[in-house]
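Enquirer: One structure follows; several queries about it will come next.
The values are calculated or read from the model by the stated rules, or taken from the named source; none is laboratory data. Model, not experiment: these values are computed from the prediction. Every residue, glycine among them, receives a Cβ derived from its backbone with ideal geometry; neighbour counts consider all protein chains shown. Note: areas computed on protein heavy atoms with side chains; ligands, DNA, RNA excluded. Shrake-Rupley method; radii C 1.70, N 1.55, O 1.52, S 1.80 Å.
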Amino acid sequence: MEKSVDAMSSISARMNEAWGRGDAAAFLADFAVDAEFVAFEGTVLKGIDEMVNFHRSLFDTSLKGSRLVNGRVVFARIVGDDWGVVHHRCQFIAPGEDTPVSSRDSMQILVVRWIDERWQVVTLQNSRIVTLDRQLQLDALESAAKG
């Protein structure tokens, strides 16, 4: 593998393809052994074994048949001799659905490091994309629920 922005950027596409197959090991194949993964709702996973087990459980149950689509790298850059950052966005299609729902749109920031002659993800932050209008609606619902 070459030490290029293109090589770094290709990680997200491989992750999306593996998600669609429900293959947790392949989904995390580009992660360092001691990597960290922050899921969209805030769960922090540490180490490849924990990450694979977490995702395998999801792929075998509630997320079986789900897909990540319309993935695109917003930016990728090498920020140091052996370090890079990738900003990726994609849409989630739930099991049994045909089209994505915008409230499930996600973005990921991947911090990558050149290890053993390839880019490896050392940290990934996954977040839902929430517009200001949507956030204000959610805030109003929460305030109303508190009464």
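Enquirer: Only one of these conditions is not met by Ala32: (1) more than 13 Å from the chain's Cα centre (by Cα); (2) in a helix (DSSP H, G or I); (3) hydrophobic (A, V, I, L, M, F, W, C). Which number is it?
Expert: Condition (2) is where Ala32 drops out.
Enquirer: I'd like to know if region 57-79 contains one or more residues that are within 13 Å of Val121 (Cβ to Cβ) and without any contact (Cβ under 8 Å) to a residue 60 or more places away in the chain.
Expert: no
Enquirer: Follow-up. Condition first: touching a Ser or Thr at 6+ places or on another chain (Cβ under 9 Å) and either within 20 Å of Ile115 (Cα to Cα) or part of a helix (DSSP H, G or I) (or both). Now tell me which residues in region 44-83 satisfy that.
Expert: Phe54, Leu58, Phe59, Ala76, Ile78
Enquirer: What are the pairs, 6+ residues apart or on separate chains, where a residue within region 22-36 that is at negative phi and in contact (Cβ under 8 Å) with a residue 12 or more places away in the chain has its Cβ under 9 Å from a residue that is open to solvent by less than 30 Å² (accessible area, probe 1.4 Å) and part of a loop (DSSP other than H, G, I, E, B)?
Expert: Val33/Gly47; Asp34/Gly47; Ala35/Leu28; Ala35/Gly47; Glu36/Gly47
Enquirer: Please count how many residues of region 95-139 are of a type in the set (A, V, I, L, M, F, W, C), open to solvent by less than 60 Å² (accessible area, probe 1.4 Å) and modelled with pLDDT under 95.
Expert: Of the residues in that region, 2 qualify.
Enquirer: Can I ask one more? Tally the residues that are exposed (fewer than 15 other Cβ atoms within 10 Å of the Cβ) and either of a type in the set (D, E, K, R) or more than 23 Å from Asp60 (Cα to Cα) (or both), restricting the search to region 1-37.
Expert: Adding up the residues that qualify gives 8.
Enquirer: Ok, one more. Do we find that Glu50 is under 14 Å from the mean Cα position of the chain (by Cα), on the phi < 0 side of the Ramachandran plot and free of Cβ contacts under 8 Å to residues at least 60 places away in the same chain in this structure?
Expert: In short, no.
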